[in-house]
Structures are given as structure tokens and as C-alpha cells.
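Below is one structure, written out as C-alpha cells, with a few remarks after it.
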Amino acid sequence: MRRPVVLYIAATLDGYIARENGEIDWLYEVEGEGDNGYSEFYQTIDTVLMGNKTYEHTFELADQFPYSDKKCYVFSRSEKELSPYVTFVTEDVPGFVEKLKEQEGSKIWIVGGAEILDVLLKRKLVDEFIIAFTPTILGKGKPLFKGDNPELKLSLTETKRFGQIVQHHYVVKE
């Protein structure tokens, strides 16, 4: 069985994942419940994927690298210095992810960013979508999905409420 690639992310009701400048301050203003299901989800993964901008942004949000107990791959267009936390990858994103899906392990999480998600969506390499919608309308910002994506049929497997946040879990139909 191939390992599933999962998008687990928060978005505004109008479909943005960040302000135009990348800020996610709106997310911290929403009344949630506990950690909004994060710990439960985090236990289902063993691999983390992210772009270089997302990787650098994690150090702005946290004192320590938050995924040090998982295998973490950071996609970058240029060579980077070695890091104790991550493996930097400069090769083709879809090709690399295809190889990961064939390896033993559990779920693979797309942490961000939008470029990585877009490339994987266009190649139909995302298997599950867990999206936590907040009761916020930004009007503009960085959209969750870019245009020209292939049509995907999804099945809603679960809906959870965490305070004012509603989380939908979709699985791609075969």
C-alpha cells in the first residue's frame, strides 16, 4: 500500500491560508478548543514536507524546530547548509514524493507552502485534505488552492468542531 500524502492546514472561510505578506495572525484570533486536533493528527504522520520559505518561517513562530521527531524534507531551489532538523531536497518535487510514497512508513504531511501544494495537486499526488476553516474572511491573501488544478473527486470522511473552527477531512476517491 502506498503511503498517503496529506494536506493538514487552516484556512479562512474565503479560502486564504495567509495574508498577502504571509502573516497568519488572524488564525490566533479564532476561538478554538485545545490544540484543535493537532496532536491527534501529528501522531498519524512520520514525514513532513515543506518549502524553504515555510521552513524559515517556522523559526519565526517557534523557539525550537517543531518537527524534530519526524523525518523532514525541505524543498529548495538552491543548495543549503546542512541542518540537524531537515534534509534539503533540490530534485524534482513530484518525483521525490512518488519515491517517498513507495517507502515503508505512515502518512506524509504537506506543511506548506502554496508552491509545493500546487505542484503536488497538479500531479494528483495529494491523497487526503484536512482543512480547518476559521470564521474569518480576509478578502485577499495567499489562496489555499491556485488555479488550473485537475478535477479531483473527494469523499468527506469526517467533520469536527473545535470551538469556532470546523475541520473537514476529505479523501480522494480512486
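The values are calculated or read from the model by the stated rules, or taken from the named source; none is laboratory data. Because the structure is predicted, anything quoted here is derived from the model rather than measured. Using ideal geometry, Cβ is built from the backbone for each residue, glycine included, and neighbour counts are taken over all protein chains shown. These area figures cover heavy atoms from the full protein model, side chains too; ligands, DNA and RNA do not enter into them. Shrake-Rupley method; radii C 1.70, N 1.55, O 1.52, S 1.80 Å.
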For this session: Only residues that are touching a residue at least 60 places away in the same chain (Cβ under 8 Å) and not in a loop (DSSP other than H, G, I, E, B): list them for region 113-130, please.
Result: A114, E115, I116, L117, L120, E128, F129, I130
Exercise. Has region 133-142 got at least one residue that is modelled with pLDDT under 95 and surrounded by 12 or more Cβ atoms within 10 Å (Cβ to Cβ)?
Worked result: yes
Problem set entry | G112 under 17 Å from the mean Cα position of the chain (by Cα) and surrounded by 12 or more Cβ atoms within 10 Å (Cβ to Cβ) | yes
Problem set entry | Answer from F65, F41 - the residue that is assigned to a loop (DSSP other than H, G, I, E, B) and either out of contact with any His (no Cβ under 8 Å at 6 or more places or on another chain) or open to solvent by 30 Å² or more (accessible area, probe 1.4 Å) (or both) | F65
For this session: List every residue pair whose Cβ atoms sit under 7 Å apart, with the two residues 6 or more apart in sequence or on different chains, where the first one lies in region 100-112 and is farther than 13 Å from Y67 by Cα and in contact (Cβ under 8 Å) with a residue 60 or more places away in the chain and the second, anywhere, is among the hydroxyl-bearing types (S, T, Y) and open to solvent by less than 10 Å² (accessible area, probe 1.4 Å).
Result: L100/T47; G105/T47
Problem set entry | Conditions (1) in a loop (DSSP other than H, G, I, E, B); (2) at pLDDT below 95; number of the one not met by R3 | (2)
Problem set entry | Of residues in region 1-24 being free of Cβ contacts under 8 Å to residues at least 24 places away in the same chain and among the hydrophobic types (A, V, I, L, M, F, W, C), the one farthest from N36 (Cα to Cα) | M1
